[in-house]
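Following: one structure in structure tokens, then a few remarks.
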Amino acid sequence: MTLFTDFGLAQPILKALTAEGYEKPTPIQAQTIPYAMEGRDVCGIAQTGTGKTAAFALPILHRLNANPKPRRAKSPRVLVLSPTRELASQIADSFRAYGRNLRLTTEVVFGGVTISRQEKALANGVDVLVATPGRLIDLIDRRALSLREIEILVLDEADQMLDLGFIHALKRIVTLLPKDRQSLFFSATMPKTISTLADSFLRNPANVAVTPVATTAERVEQSVIFVQTGRKQVLLETLLRDPSIERVLVFTRTKHGADKVVRGLDKAGTAGAAIHGNKSQPQRERALAGFRDGSCRVLVATDIAARGIDVEGVSHVINYDLPNVPESYVHRIGRTARAGATGHAISFCNDEEKAYLKDIEKLTRLKVPVMPLPEGLPAAPAAGEASDQRREQPLRGRPAPHARGHQGHGQPRSADPNADRGPKRRRGRGGKPGGNAQPQSGQPAGNQQRPAQGQRPAQGQRPAQGKPASGRPEGRRGDGAQVAWLEKSPRRR
Ligand code: AMP
């Protein structure tokens with residue numbers, strides 16, 4: 001088994017990984033990091049959610065740190081190209097998180113926002129620049145940026161780049177880069193057009209890949225129970241009377257919601273613990289230890305907090321709230337699917353969440369069977385109903401699916417003050433990545449569906465291809481996708 005310590009990464013980076021809660025490298029990391037550490041070019045087939053950001057960010061940070069240079073105005077040492085502004089921000093957040101113990105700086109630039117602040121940041125000098133292609137060209141044309149000092153280039157989500165019409169920008173960018181550089185190229189798919197593009201960027205690359213497309217959704221026995229918000233707590237307590245629910249991970253959308261569920265369980269005499277961004281590290285560790293050793297049967301988590309959870313034998317996942325990002329649903333339910341075993345996922349769905357359910361079913365291409373409310377389920381106390389309703393109101397992140405032409409009852413959207421506000425990086429992609437590692441050479445990935453970015457814009461609001469609209473992401477992402485990392489990951493037994 002590969003460990004992060006096997007790669008020879010600098011101590012401050014390993015320390016940051018521990019702080020992030022990463023225990024083991026994911027398959028794409030295990031494959032990519034050794035080559036990237038050697039300075040080799042890499043051509044990777046990997047989808048979002050496989051941990052590919054760390055696969056390139058960690059060796060890059062290590063190499064910069066090992067060979068320190070004074071920062072030069074307008075001349076970054078590393079350029080990471082990303083098709084969308086959300087992804088660019090997330091990548092920059094990751095560089096900052098993994099490099100938190102290093103003296104390196106990361107800046108992100110994308111279109112749709114004022115350029116002068118970005119010009120200023122570049123003038124001060126940055127080590128790592130994450131950019132969308134359009135804004136990068138603008139900055140070059142305004143002489144606010146030079147690519148002459150680039151030592152390492154990353155081209156992320158190459159297939160999306162082409163879909164979004166960035167080919168000309170990329171062709172121009174490659175001519176401005178020093179020939180003597182390291183290039184790391186990632187794409188979820190590798191049809192001919194992409195491999196031709198890869199050839200223009202790479203020199204004798206090492207090929208790495210993880211298998212695409214999760215079948216998790218098919219392996220997990222799923223059901224949905226339609227229930228009013230105010231009766232969710234009592235429904236949970238009723239379900240937990242079933243002893244076959246041995247070890248259950250309950251997901252709520254908010255930190256506040258997680259605490260509230262635990263308080264309710266406590267009153268009902270069920271041992272539970274909450275794990276979320278407001279909990280201290282010792283509190284999280286205690287909760288996890290209890291969950292692992294069985295003294296605590298119920299762990300209530302937000303998506304972000306669940307990211308670092310690596311517990312075997314989770315018999316059930318209960319979605320107390322349905323996620324508004326359908327990929328999160330797949331990440332969540334994957335927690336229960338162990339090798340050879342079928343997990344169970346039960347989702348509570350109120351009227352407003354019905355639209356999210358539709359999105360989930362569209363993503364997984366599976367209809368979630370409806371389970372009736374247990375007979376004799378007590379009515380909810382009126383007060384609980386009222387406070388829950390208050391919490392139910394705002395949903396944050398991706399705009400409500402109604403905006404994309406779904407029918408729905410309510411129109412929940414806007415920011416939720418209670419939502420777990422982790423770094424953007426982790427939002428909506430909450431789960432633990434993995435993917436079935438398969439060293440690959442020349443094997444086409446086919447036209448598999450791609451996982452969409454957690455916070456992608458609603459379809460109706462996306463800019464036309466290659467035409468970034470002001471204030472919107474520079475690119476858009478494809479619809480309908482499955483998530484790669486869930487499939488038979490060795491980390492998910
Ligand atoms: P990415 O594919 O880079 O978007 O990563 C998906 C998610 O996995 C992100 O939330 C990362 O923070 C997280 N992640 C990346 N590597 C690891 C790891 N080795 N262990 C646990 N989580 C990870």
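Read-outs throughout are calculated quantities, based only on the coordinates presented, and are distinct from any laboratory measurement. Computed from a predicted model, the values in this text were never measured in an experiment. Neighbour counts are summed over all protein chains in view; Cβ atoms, including those assigned to glycine, are modelled from backbone coordinates with ideal geometry.
Karplus-based coupling profile of the range 363-378, in residue order and whole Hz: 5, 7, 6, 10, 8, 7, x, 8, 10, x, 4, x, 4, x, 5, x, with θ = phi - 60° in 6.51 cos²θ - 1.76 cosθ + 1.60 and x standing for Gly or Pro.
Here R203 and R292 are evaluated by their C-beta separation; at R0 = 45 Å the FRET efficiency comes out at 0.45. List, in the order given, every pair from K52/K354; K232/K354; K171/K192; K260/K358 whose Cα-Cα distance in the structure shown is over 23 Å. The answer is K52/K354; K260/K358. Please give the net charge around R40, taking every other residue with its beta carbon less than 13 angstrom from that of R40, where Lys and Arg add +1 and Asp and Glu add -1. Neighbour charge sum, excluding R40 itself: +1. The phi torsions of the range 119-133, fed into the Karplus equation with coefficients 6.51, -1.76 and 1.60 and a -60° offset, translate into couplings of 4, 5, 4, 5, 4, 6, x, 9, 7, 10, 10, 9, 8, 8, x Hz, rounded to whole numbers, with Gly and Pro shown as x. Does the range 4-209 come out rounded, prolate or oblate, given a ≥ b ≥ c as the square roots of the eigenvalues of its C-alpha gyration tensor, rounded meaning a/c under 1.5 and, failing that, prolate meaning a/b above b/c? It comes out oblate by the Cα gyration axes. Whole-Hz Karplus values for the range 276-283 come out as 7, x, 8, 8, 6, 4, x, 5 Hz, taken residue by residue from phi with 6.51 cos²θ - 1.76 cosθ + 1.60 and θ = phi - 60°; glycine and proline positions read x. Footprinting exposure proxy ranking of S315, S187, S116, fewest other C-beta atoms within 10 angstrom first, gives S116, S315, S187.
E149 label point, 7 Å along Cα→Cβ, cut-off 19 Å on backbone N: hits in the range 104-123? Only 104-109, 118-123 pass the distance filter. Within straight-line reach of K120, meaning a Cα separation under 17 Å, sit the following lysines at least 8 residues removed in sequence or on another chain: K74. Under 5 Å from the amide H of A206 lie the amide H atoms of D41, V42, C43, each residue being 5 or more positions distant or on a separate chain, with H modelled from the backbone and absent for Pro and chain starts. Taking a sphere under 12 Å around the Cβ of D127 and counting the other residues whose Cβ falls inside, with K and R at +1 and D and E at -1, yields a net charge of +4.
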